[in-house]
Amino acid sequence: MTLTDQTLRRSTLAVRDDGRAVLDVRLPWYRSMPVGAIELSALRIDGVDVDPAAVRWIVGGRELDAAQAAACPDPWYLQDAVPLVLPVAPASSAARIELAVDVAVSYLAPGVAPVLRVEVAGTVPVVRSDAARP
């Protein structure tokens, strides 16, 4: 299994009554990191670009905008998925997800945080229900 294999593994795209969708994303890295060390830099759903700034992150039960997520010191544990609230929802029963995240790896070089881009693509099922979703 590679680092990117786990990112969308066991994910679904849950469509909410408000027309938005929630996608569970797992950390595309080999160890836990602060949420603020991860930036969603690109997102495409079924070939349509979605503005990463319009995506909201659910961390510790709080819904954060992109700027708040970038400053969030809360840990993102490997075993946990972070739900991303997307401003759009596909009409199909499955969606092709392509995303790119930038990982700021501060522990690799003291004083300099190299940023690594991780790109992930996969098809996830679309579920139309608010049940048990943030």
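Within region 59-85, take every residue that is free of Cβ contacts under 8 Å to residues at least 60 places away in the same chain and in a strand (DSSP E or B) and give me the one that is nearest to VAL25 (Cα to Cα).
Across region 59-85, the extreme among qualifying residues is VAL82.
State all residues of region 26-58 that are farther than 13 Å from LEU84 by Cβ, aromatic (Phe, Trp, Tyr) and either buried (at least 18 other Cβ atoms within 10 Å of the Cβ) or in contact (Cβ under 8 Å) with a residue 60 or more places away in the chain (or both); if no residue qualifies, say none.
TRP29
I'm checking my understanding of the structure. Among residues of region 84-119 that are at pLDDT below 85 and within 16 Å of the chain's Cα centre (by Cα), which one is farthest from LEU43 (Cα to Cα)? If you could, list the steps in order and put the result at the bottom.
If we filter region 84-119 for residues that are at pLDDT below 85, which is where we start, we get 91, 103-119.
Still in the running and within 16 Å of the chain's Cα centre (by Cα): 103-104, 116-119.
Working: VAL103: 15, ALA104: 18, LEU116: 16, ARG117: 13, VAL118: 12, GLU119: 10 Å.
This residue is ALA104.
Taking region 47-82, which residues are closer than 24 Å to VAL127 by Cβ, of a type outside the set (A, V, I, L, M, F, W, C) and at pLDDT 90 or above?
GLY47, ASP49, ASP51, PRO52, ARG56, GLY60, GLY61, ARG62, GLU63
The values are calculated or read from the model by the stated rules, or taken from the named source; none is laboratory data. Quick caveat, the model's predicted, so the values are computed rather than measured. Every residue, glycine as well, gets a Cβ built from its backbone with ideal geometry; the counts of neighbours run over all protein chains shown.
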